Ligand code: BG6
Ligand code: MG
């Protein structure tokens, strides 16, 4: 196929934001920082290190570099406790159907995630073997909204950026896809993801001929 797909993980394939929230909330409690679900929205798509900076800003707390390292380790250990309990039931609606559809149309796809836990999460839900490549927080030097993660994804697919379609639930991710000159599809609230080329509330809402129409017309 002349087109390929790059999937974000958290919020597109699985809903891990709730586990990130619980783990950040734990850390916030230890630091006496009030941390709400609304604050958690700011962390979507953002790297682990940057997330800690945002949390510390919210609480107006400063930490030494060593304390920051320890905070990052303890947050992730907490998060992993939830991840290790995940299974295929947590795959979001429409994901399996879409991957089957892509397979049957011969459209290739890779993962493009900010998470360093991406391989573990995919393994837990039984999807690790389905992706042709995994580009994650371990493979990039610049986090979303920098386009690096998606540009590496395009290289793995051997496709030009303009022939790649990115599925994202975060503003930072849509921004990264647009900067990469890819076709961006926002999954979630249309008003929040208004910069996306296309918007769907979830993957079950995509029309069956979405990819066929993309290959026929020149979108960008
Ligand atoms: C993104 C999430 O996918 O991964 C962010 O949306 C998270 O909330 C980031 O901070 C990094 O994840 P991890 O698993 O490496 O801490
Ligand atoms: Mg996401």
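Annotations
- Degrees, to the nearest 10: 148-157 long Cα axis against longest axis of the chain: 40
- Length released on extending from residue 32 to residue 84, taking residue separation times 0.36 nm less the Cα-Cα span: 16.0 nm
- Contour excess over end-to-end distance, with Cα ends at residue 189 and residue 204 and 0.36 nm allotted per residue: 4.0 nm
- Pair residue 138, residue 73: separation of 7 Å Cα→Cβ label points (nm): 1.9
- Antiparallel content of DSSP bridges confined to the chain, in %, to 5: 5
- Degrees, to the nearest 10: 48-59 long Cα axis against longest axis of the chain: 50
- Gyration tensor (alpha-carbon) shape descriptor, region 79-220, a/c threshold 1.5: rounded
- Degrees separating the helix 95-105 axis from the principal Cα axis of the chain, which is the longest one: 30
- Gyration tensor verdict on region 1-107 (Cα atoms; rounded if a/c is under 1.5, prolate if a/b is larger than b/c, oblate otherwise): prolate
- In this structure, residue 49 and residue 103 have a Cβ-Cβ separation that, at R0 = 41 Å, corresponds to a calculated FRET efficiency of about 0.70.
- Gap separating the Cα centres of region 178-220 and region 54-95, nearest whole Å: 29
- Across region 70-149, Cα-Cα pairs more than 16 Å apart make up 60 percent of the total.
- Most mobile listed residue (153, 112, 133) in the chain, GNM with C-alpha springs under 10 Å: 133
- Residue of 166, 149, 14 that the Gaussian network model of the chain assigns the largest fluctuation, springs spanning Cα pairs under 10 Å: 14
- Shape class for region 116-160, computed from the alpha carbon gyration tensor (a ≥ b ≥ c): oblate, with a/c not under 1.5 and a/b at or below b/c.
- Candidates 139, 51, 67: whichever shows maximal mean-square fluctuation once the chain is modelled as a Gaussian network with Cα springs under 10 Å: 67
- Residues residue 155 and residue 213, FRET efficiency given R0 of 22 Å [Cβ-Cβ distance, rounded to 0.05]: 0.30
- Here each label is just a point 7 Å from Cα along the line to Cβ, and for residue 61 and residue 41 those points are 2.3 nm apart.
A short reminder: the numbers here are calculations on the coordinates, not readings from a lab. If you're wondering where the values come from, they're calculated on a predicted model, not measured in any experiment. Cβ coordinates were reconstructed from backbone atoms using ideal geometry, including for glycine residues, and neighbour counts include every protein chain displayed.
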